[in-house]
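Undergrad: Can you read through this structure? Questions will come right after.
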Amino acid sequence: MSRHPTNFSLWRRYAASIALAALLLAPAARSHGYDAGPIRIQHPFSPATPAGATTGAVYMTIVNASDAPVRLLGASTPAAVKVEFHSMSLEGGVMKMRRAEDLVVPPRGKLVMRPGVLHLMLVGLKGPLLEEDLVALKLKFEGGIDVDLELYVEQRAPAARHGH
Ligand SMILES: [Cu+2]
C-alpha cells in the first residue's frame, strides 16, 4: 500500500506550501494597495456618481511606515479638471467643509479618508463615475514621491453621498 512513502510525503509538503502561499497572497490581492517607499495606499475608491454630477469623492487610507511625517501635496486625474483636499467637521450642529492645501500622514501612523471626515474631491468631472470603473489617479507626495493608482468605483452608498 505504501510503496511510495517518500513521494507521498513530498506531495504533502508540496500541497502544504501551496496552501501557505495562497494564504499569504490572498489578503494582498484583496486589499488593493499600492506601495511607494515608506507609503502604502490602501483601497482607494470613489462612490459612483449620478448622471450630470460635476464632482466626485475619493476615499482611501494612507499608511506611513517612516519616522517622519509625509506630506501629500497634490493629486490629479484625467477624469476631472482638478482634485482638491476637503476636510469636514461638525460645528454647532452644521457640517462644514474646508479645503486643505496639503494633508499630512503622521509618522508611524495613517491618514484615513472616509465619508463625513476627509476626502479628495474630483472637481469638474468629465463624465459620470460608473460602478466597477477603474479611474487613474496620481498622488504627489513631498520628496518627489509620485504614486499612480487606480480608483475602484463602487456602488453609491447613502453614507458616501456627497452633496456639494
Ligand atoms: Cu468635497
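Undergrad: Residue separation times 0.36 nm, minus the C-alpha to C-alpha distance between Glu142 and His43: what's the value?
TA: Working: separation 99, 0.36 × 99 = 35.64 nm, distance 2.12 nm.
Length gained between Glu142 and His43: 33.5 nm.
Undergrad: Then there's this: Got a sec? Which residues in segment 77-120 would a label at Asp67 touch, if it sits 7 Å along Cα→Cβ and we count backbone N under 18 Å?
TA: 106-110, by backbone N distance to the label point.
Undergrad: Now a separate question. With every protein chain left in place, what is the accessible area of Arg114 in Å² (1.4 Å probe, nearest 10)?
TA: 120
Undergrad: Tally up the carbon and sulfur contribution to the accessible surface of segment 70-164 as a whole percent, 1.4 Å probe, everything protein left in place. All intermediate terms of the calculation are to be shown ahead of the outcome.
TA: Details: 2830 of 5420 Å².
For segment 70-164, the apolar C and S fraction of the accessible surface comes to 52 percent.
Undergrad: Once a ≥ b ≥ c are taken as the square roots of the eigenvalues of the Cα gyration tensor of segment 45-107, is the result rounded (a/c under 1.5), prolate (a/b larger than b/c) or oblate (a/b not larger than b/c)? Show your work: numbers first, answer last.
TA: Working: a/c = 2.17, a/b = 1.30, b/c = 1.67.
The shape class here is oblate.
Undergrad: Which order do Tyr59, Tyr152, Tyr34 take when ranked by solvent-accessible area (1.4 Å probe, heavy atoms of all protein chains), largest first? All intermediate terms of the calculation are to be shown ahead of the outcome.
TA: Working: Tyr59 5, Tyr152 95, Tyr34 55 Å².
I get Tyr152, Tyr34, Tyr59, largest accessible area first.
Undergrad: Further, regarding this structure: Stretched out fully, how many nm does the piece from Arg98 to Glu132 gain, at 0.36 nm a residue minus the Cα gap? If you can, show how the numbers build up before the last one.
TA: Details: separation 34, 0.36 × 34 = 12.24 nm, distance 2.92 nm.
Stretched fully, the Arg98-Glu132 segment lengthens by 9.3 nm.
The values are calculated or read from the model by the stated rules, or taken from the named source; none is laboratory data. All figures in this text were calculated on a predicted structure; none of them were measured in a lab. Every residue, glycine among them, receives a Cβ derived from its backbone with ideal geometry; neighbour counts consider all protein chains shown. Side chains included, ligands, DNA and RNA excluded: accessible areas come from the protein's heavy atoms. Shrake-Rupley method; radii C 1.70, N 1.55, O 1.52, S 1.80 Å.
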